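Encoded as structure tokens, the structure appears first; notes follow it.
The values are calculated or read from the model by the stated rules, or taken from the named source; none is laboratory data. Remember, it's a predicted structure, so these values are computed and weren't measured experimentally. FYI the Cβ positions are ideal-geometry reconstructions off the backbone, even for glycines, and counts take in every protein chain you see. Side chains are part of the model used for accessible areas, which takes the heavy atoms of the whole protein and leaves out ligands, DNA and RNA. Shrake-Rupley method; radii C 1.70, N 1.55, O 1.52, S 1.80 Å.
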Amino acid sequence: MTDPVFLCRLDEIDDPGSKGFEQIDGEKPFFIVRRGDGVFAYRNSCPHYGAPLDWKPDAFLSYEKDLILCSMHSALFNIDDGVCVDGPCPGQALEPLAVEIVGGGIYLPAA
């Protein structure tokens, strides 16, 4: 069993805001979205095309910061469940990734 992997502190991400990560601890690129004291994590791959969602580092949210935006095709996804609500892949969802908040830090859980 491996130890949890520290990603960043919750207060290092705007509220609402997002942060991307390259391959860490064997995981494919992913991102986290902060909303209040909660975080949601997804693989950085659009279900429609397989392309990364961000158009620049850490830019995963719509202008209003209320939805996740795919920069390739402008698909919009709910923050809390990753389901596409507008664009070319309605009803499809981003692949979730488990993360946890411990003592103000965001971690990939122990395997």
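Write down the accessible area per residue of the chain in Å², having rolled a 1.4 Å probe over the full set of protein chains.
Heavy-atom SASA per residue in the chain reads 55 Å².
Would you look at the GNM of the chain, springs on alpha carbons closer than 10 Å, and say which of Ala41, Ala59, Ala51 moves the most?
Of the options given, Ala51 has the highest mean-square fluctuation.
Could you look at the chain and say what percent of its accessible area is carbon and sulfur, using a 1.4 Å probe and all protein chains?
49
Scan around Ile79 for amide H atoms under 5 Å from its own, H built in the peptide plane at 1.01 Å from N, and keep only partners 5 or more places away or cross-chain.
Here the answer is Ile68, since their amide H atoms fall under 5 Å of that of Ile79.
Cross-link candidates for Lys19: which aspartates and glutamates have Cα within less than 19 Å, leaving aside residues fewer than 8 places away along the same chain?
Once the sequence-local aspartates and glutamates are set aside, what remains near Lys19 is Asp11, Glu27, Asp37, Asp54, Asp58, Glu64, Asp66, Asp80, Asp81, Glu95, Glu100.
In segment 35-50, which residues have a backbone nitrogen under 17 Å from the label point lying 7 Å from Val102's Cα in the Cα-to-Cβ direction?
Inside the label zone: 39.
Quick check: net charge around Pro109, other residues with Cβ under 13 Å of its Cβ, Lys/Arg +1 and Asp/Glu -1?
Neighbour charge sum, excluding Pro109 itself: -4.
Taking Lys56 as the anchor, which aspartates and glutamates have their alpha carbon closer than 14 Å to its alpha carbon, excluding any fewer than eight residues away along the same chain?
Excluding near neighbours in sequence, the set is Glu22.
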